[in-house]
Amino acid sequence: MTEGRVIPDAASLPATRDAGLRRRPSAVGGAFRLRAALPRPWGAVIAVASSIAILALWEFVARLGLTTPLFFPAPSEILAAMGRMFSTQHLAWHAWVSTLRVWGAFLLAAVMAIPIGMAMSGFRPVGAALEPAIDFIRYLPVPALVPLSIIWFGVGEETKIFLLWLGTFFQLVLLVADDMRRVPNEYFETAYTIGASQAQALKDVAFRAMLPSLIDNLRITLGWCWTYLIIAEIVAADSGLGFVIWAARRYMKTPEVMAGVVLIGVIGLATDQLLRAIHRRAFRYL
Amino acid sequence: MATAPTPHLVFDGVTKRFGSVQVVEQPFDLEVARHEFVAFLGPSGCGKTTLMRMVGGLDQPSSGEIRLDGEPVGRPDRRRGMVFQSYSSFPWLTVGQNVAFGMKYRKDLSEQEKAVRAERYLDLVGLYEFSDSYPNQVSGGMRQRIAIARTLAAGADVLLMDEPFGALDALRREQLQAELRRIQRRDAKTVVFVTHDVEEALFLADRVVVFSKRPTRIVAEIDVKTRLGEERTLEMRDGDDFFALRREAIGVVRAAAGGEL
């Protein structure tokens, strides 16, 4: 074992060294030192391997007949169901409809939250005026507002967009205000002393300074949109992934229910990875 | 010297309070000549930074007036540039872009003139070859040079520096001090430099204004220019003259701090 080789080394180290750092770590042990770096390909390798392991275990358990297919179908069955749904049930179209709803509501929330959040943190009176209302609405559970939303907007697209917007705007606006609050005063003052107006300081300095954390918050908020989407589509819809899942449930087609859920997860994962990649490229200076 | 000092920057009975806190209680008077390098030396919380910020237009006097060339200073503008101790450069811009940012709002220069000027000031502070690096890829000392170059590129007549070298290690600090003094003489800038480091104040300034702890008051002015001359080199720092002056100054500062230093 490596232990045998390491001990003489450790003995020759000065006695003042911290005992915890004394033993030279082996490759595996070293990776579990608190906050130790992980060499480049290993993160991806571990992520893929663990995903495959979980799926394999699941498949194995299902095939052994340890679970009832009605409640817990095997991954292969879910995949087959998904294939069927793509070819006969217009699954791609439903996914597209859902994606449009999510992005529509998300962009609407973002376009409103960014200026309002910046104004709330930049101008004290605006913050004082809006914070109580926003904080109140933020804690209202979206599902509880479904009936109200239907009374207001009927059962069309407006209701769905409204519910998604409701779930994200009020959270996002406070996150934006926080991002803006963290912009150092020195940045503003530097801008002023080279002749910037308030508007220029906001646009060229504050917005730019908060952009990396803003994009991160948008990415997280986009994930929430998908959560609320299902609520909106289950209540009143004849299209979208939420509708597909809910319709499959009625006939106890568990593989199809799971296929719908899995597809949402896949779309979410892909979008998130894409946004992360863009983030890394756009903010190389971080 | 050939030119008699003309009052360039004037503090005329300036006081400042933030809410109920009197930062500068007694009316503060001071005249700074054109191209003079003045250091404000004093313990933390003595109001020296507030006085400097008011020159920059970042704070307004509660009473009294600050005048630059006879005109009361109002809102911040590019003629009075600031260099802060931290967050002095923008991390999302390259070194070159940071320096050019100083001219972003100048309409009197063409794009080409701006580019030429940016290069000139990058070169002046020795950052030319780091032009395409980002601030987090260069040392803390270089980041402060970015700020100095940006302020000069903006066209500031008065440099307002708030402990700009406070976060640097001793060796870098000495080197940057010598460089700042050289640039100030070459470009003939007026500088107000806030510090609590006696040696730094003496090495850089023509005149050191020593502040007492609150209430803000000038307890002494040290005419460094007469004692050491205008040229400052790193070798001087080890000389007997500098050493003697330093000892005197430390005595004055200790007395001002009332044993609280």
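The values are calculated or read from the model by the stated rules, or taken from the named source; none is laboratory data. Here the structure is a predicted model, which means the values were calculated and not measured. Cβ coordinates were reconstructed from backbone atoms using ideal geometry, including for glycine residues, and neighbour counts include every protein chain displayed. These area figures cover heavy atoms from the full protein model, side chains too; ligands, DNA and RNA do not enter into them. Shrake-Rupley method; radii C 1.70, N 1.55, O 1.52, S 1.80 Å.
For the reader, a short list of remarks on this structure follows.
- Residue within segment B:107-120 that is farther than 13 Å from A:THR193 by Cβ, within 10 Å of another protein chain (Cβ to nearest Cβ) and modelled with pLDDT under 95 present: yes
- Of the candidates B:GLY47, B:GLY70, B:GLY74, the single residue that is open to solvent by 10 Å² or more (accessible area, probe 1.4 Å) and more than 14 Å from every other protein chain (Cβ to nearest Cβ) is B:GLY70.
- Counted residues, segment B:213-245 - those being in a helix (DSSP H, G or I), open to solvent by 70 Å² or more (accessible area, probe 1.4 Å) and not polar (S, T, N, Q): 7
- Cβ separations smaller than 6 Å between residues 6+ apart or across chains give the following pairs from segment B:55-80 residues that are closer than 10 Å to B:VAL14 by Cα to residues that are open to solvent by 60 Å² or more (accessible area, probe 1.4 Å): B:SER62/B:ARG17; B:GLY64/B:ASP12; B:GLY64/B:PRO27; B:GLU65/B:ASP12; B:GLU65/B:PRO72.
- Only residues that are out of contact with any Gly (no Cβ under 7 Å at 6 or more places or on another chain) and surrounded by 16 or more Cβ atoms within 10 Å (Cβ to Cβ) were counted in segment A:151-171, giving 14.
- Residues located in segment A:176-198, provided they are more than 14 Å from chain B (Cβ to nearest Cβ) and open to solvent by 50 Å² or more (accessible area, probe 1.4 Å): A:ASP178, A:ARG181
- Sole exception among (1) in contact with a helix residue (DSSP H, G or I) (Cβ under 7 Å, 6 or more places away or on another chain); (2) over 21 Å from A:TYR228 (Cα atoms) for A:VAL102, by number: (2)
- Considering segment A:212-232, the residues that are closer than 19 Å to A:ILE116 by Cβ and open to solvent by less than 30 Å² (accessible area, probe 1.4 Å) include one that is farthest from the other protein chains (Cβ to nearest Cβ), namely A:CYS225.
- Within segment B:50-62, tally of residues that are open to solvent by less than 50 Å² (accessible area, probe 1.4 Å) and away from chain A (no Cβ under 14 Å): 2
- Options B:ARG181, B:ARG172; residue that is more than 11 Å from every other protein chain (Cβ to nearest Cβ) and touching a Gly at 6+ places or on another chain (Cβ under 7 Å): B:ARG172
- Subset of segment B:77-87 that is within 8 Å of another protein chain (Cβ to nearest Cβ) and either charged (D, E, K, R) or in contact with an Asp or Glu (Cβ under 7 Å, 6 or more places away or on another chain) (or both) - its residue that is surrounded by the fewest Cβ atoms within 10 Å (Cβ to Cβ): B:SER86
- Top-ranked residue of segment B:103-125 - restricted to ones that are surrounded by 14 or more Cβ atoms within 10 Å (Cβ to Cβ) and in a loop (DSSP other than H, G, I, E, B), ranked as farthest from the chain's Cα centre (by Cα): B:LEU109
- The single residue among A:ALA206, A:ALA201 that is within 12 Å of chain B (Cβ to nearest Cβ), without any contact (Cβ under 8 Å) to a residue 60 or more places away in the chain and open to solvent by less than 30 Å² (accessible area, probe 1.4 Å) turns out to be A:ALA201.
- Tallying residues that are open to solvent by less than 30 Å² (accessible area, probe 1.4 Å) and free of Cβ contacts under 8 Å to residues at least 24 places away in the same chain within segment A:234-259 yields 3.
- Of the helices (runs of 4 or more DSSP H) contained entirely in segment A:119-210, those carrying at least 1 residues that are in the same structural domain as A:ALA237 (by TED's automatic domain parsing), of a type in the set (Ser, Thr, Tyr) and farther than 23 Å from A:GLY104 by Cα fall at A:185-193.
- Test for A:THR88: is it assigned by TED's automatic domain parsing to the domain that holds A:LEU263 and either exposed (fewer than 10 other Cβ atoms within 10 Å of the Cβ) or modelled with pLDDT under 85 (or both): yes
- All positions within segment B:144-174 that are assigned to a helix (DSSP H, G or I) and buried (at least 24 other Cβ atoms within 10 Å of the Cβ): B:GLN144, B:ARG145, B:ILE146, B:ALA147, B:ILE148, B:ALA149, B:ARG150, B:THR151, B:ALA153, B:ALA154
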